[in-house]
1. What order, most packed first, do the peptides 38-44, 718-724, 79-85 have when packing is the mean number of other Cβ atoms within 10 Å of each residue?
2. Could you give the dipole magnitude of segment 506-630 about its Cα centre, charging the beta-carbon of Lys and Arg +1 and that of Asp and Glu -1, in debye to the nearest 20?
3. Quick check for me: using +1 on Lys/Arg Cβ and -1 on Asp/Glu Cβ, what's the dipole size of the chain about its Cα centre, in debye to the nearest 20?
4. So what is the calculated 222 nm ellipticity per residue for the chain, using -39500 (n - 2.57) for each DSSP H run with n of 4 or more, over all residues, to the nearest 500 deg cm²/dmol?
5. Under 8 Å for C-alpha pairs, at least 6 residues apart: give me the relative contact order for the chain, rounded to a whole percent.
6. Which order do the peptides 234-247, 691-704, 523-536 take when ranked by the mean count of other beta-carbon atoms within 10 Å per residue, highest first?
7. Could you give the size of the charge dipole of segment 457-518 about its Cα centre, using +1 on the Cβ of each K and R and -1 on the Cβ of each D and E, expressed in debye and rounded to the nearest 20?
8. Based on the alpha carbon coordinates of segment 506-630, what radius of gyration and maximum Cα-Cα distance (Dmax) apply, in Å?
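Values in this text are rule-based calculations from the coordinates and carry no lab data. All of these numbers come straight from a predicted model, not from anything done at the bench. Note that we place each Cβ from the backbone using ideal geometry, even for glycine, and neighbour counts take in every protein chain shown.
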Amino acid sequence: MKLSKDYKSFTFSDGSVSIKRNEHGIPVVEATNIYALAFAQGLCQALDRSMQMVFTRIICKGRACEILDDNEELLKTDIFMRELGIYQQSKKELSRLPETILKYLECFSEGINKGLETSSNPIFKLLKYSPEPWTPVDTLATMRIMAYVGLAQTQQTMEKFIIESLKLGADRNAFKTLFTPYLNEWEDDDIDLLKKVNTYWSTLPDIPFIPVMKNSNNWSLAKSKTKSGSAIHCNDPHLEANRLPAIWYEMVLKTNNNYLMGISMPGVPGMAMGRSEKVGFGFTYGFMDTIDYFIEDIKDGTYLSDGFQHTLNVRKEVIKRKKSDDFQLDIYETENGVIERDPFKPFESGLYLSRAWSAYQFDTYPSIDALMKLPFAQDASQAAKECQKVFISCNWVVSDVSGNVLYQQSGHLPNRKHSGLFPLKGWDSSNSWVGLHDKESLSFRDGTADGYIATANDDWNQEGKPLSINLPMGPYRAQRIKQLLNEKSTYDIIDMKAIQSDLYSLQAKRFLERWKKFIPNTPTGKILKEWDLRYNKESKGAFVFEQIYRELLAIFFEENILSRKEWDYIFDETCLFTDFYYYFDRPFLEDDKDTWDYFFRNKSRDEYYQQAITNTMKCWPSSKLKTWGQVNRFTMKHLVLGDVKPFNLFLNRGPYSLEGNRATVVQGQVYRSGGRDSTFCPSWRFITDLSSDHSFSILAGGPSENPLSRFYANEVKRWLNFQYKILNP
């Protein structure tokens, strides 16, 4: 069954739908009710993105060695996914679903299964694999894995880095200073315990086929700031865009005198970002800390708690393998969480880390209720109430036709006694989580009087509210957006397009203000002095700045934290720097002498600047300089066969130059993580003025995962050139 430009009609047990494609290949759906919409979404997602959905499910279940390929790396992935317990918890949650939510998920599953039955995917044939029917559990699991990879995982990675570094003998005072104030309460006795702790997963395994969800921009203008007198709503999610098919799936849905246009995640119903007739909605990652570690005292299959030994809970898992014997996996849990241990060795007595994740311990289904109701909210206030239910850490921005704009935080926030950035003794129950913070205690703000709300993964902790964010991203992108939104009295769509393509770096501006007296009047020095602070692909100034910036931080890291070799690994092969670079900027850009004197007791800031600039100028005479577009390049690779010859020759697209960088509105970051190339960059751009019914958008890819379809990568060139298409309901 194929969807052409002509209408196709389908009936099922709870309604009827008709579907066509517009000229961009995007499905346009008309349905009789919310359940028919869910059926239609499932059907279209299965027709266009079955590989993406099914491979996500295979990884979630820890069945990669059974179905995809039997190798040691995928075995580690399977082990980690079984430990994460996504399917185990999703199965348990199924019995607690309210009837309306269960019916909604069943209709969505019915649509997916209709699509799987009536279409064939050559990748499945290549693997000799016939996908099992989709179920509501699969959707719950898909939501959990999307909440984990790159999102909850972000804070976990940094906390594990801190633990491993101090376990190896790194300077504890350096770490406490670098992450002040969130490590200040960590007692030296607890830090000393780390040397005795058995640790595993020092580097988390790469989770293949699952897109890395991460950083974004999001803003809405209130009626006082728009020429139309209604709200203008802008979404700009920055995710892993160096892959095909695109992460998001774009649709237009119509029912009950309402319409929706926006994006969903294949495998999940509803709209994650976009607009209805009356409201606009979208989110950036909120950087809420939803994962904690505890130090556990294990002895002969028991764990210590409040002076008594308690029997460990044991989950027995069997990982089937294509080429080897089945792997028998025992997963141990305390009241705090899952024990991290070497699964290839006997489990001996000693100190271990347990890992707690709020989306493992608590239900997620209210998020489905929010997805059902959010599009039918009558105003921004109702929309914010629905967003509040979502278990994923998000900074939501919502707007309405009357010109109101609101901010709402969401996420399963653990009720903990400390900042959450370091492990506590698990054998003292007073250190354990006490449920979750009430949703009403999460951050909220009405930005209507101010004229706008803008978020960019920045710090949204609020006085009087619980500490939810201990490691936000740097503030530069949010500050630049606000700067641009304050330049004029009123704005229109053209202005919003200009902001979504802005390449100016406030980070570079602040560093260059401090460096200028050290920059020599050489040809390379003059290029840096004359740089316009924009990361366009022709820029040599951006290249020079990045070389000095890297050298500066490498010297600082080596002299205060760990070795140059370890710094190079963190910079080149992990997401730690791309996520948390601001914490290395702070000692150089903040003038709080009492805080940062620890780092500059032997060498001043100016001496660091001079050394980094001198070293860089020696290495990069003007004759060797490159443009930013020459070094910041990426290839959009097929999700499964992108590295397999000869398929990669016609499945991949690129290489392309990526404009922007970590601190620009266009966050064009190219990096490596888990042994593979990745990116943070705009995966979808969306702008709409709620006074009209049409919107402007562009996707990093296309609607279809079929390489033979003209809709496989039909939007890539326009996306690279900051061009938009028009969506109409």
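1. Numbers: 38-44: 28.7, 718-724: 15.6, 79-85: 22.9.
Answer by packing, highest mean first, reads 38-44, 79-85, 718-724.
2. Details: 21 positive and 21 negative charges, 140 e Å.
Charge dipole of segment 506-630: 680 debye, to the nearest 20.
3. Working: 90 positive and 93 negative charges, 528 e Å.
Magnitude of the dipole: close to 2540 debye.
4. On the way: 26 runs with 250 residues, N = 729.
Helices in the chain give a 222 nm mean residue ellipticity of -10000 deg cm²/dmol.
5. Values: 1533 pairs, mean separation 116.3, N = 729.
In percent, rounded to a whole number, it is 16.
6. On the way: 234-247: 26.3, 691-704: 21.2, 523-536: 17.8.
The densest-packed peptide leads the list: 234-247, 691-704, 523-536.
7. On the way: 11 positive and 8 negative charges, 80 e Å.
Charge dipole of segment 457-518: 380 debye, to the nearest 20.
8. Answer for segment 506-630, Rg first and Dmax second: 14.5, 43 Å.
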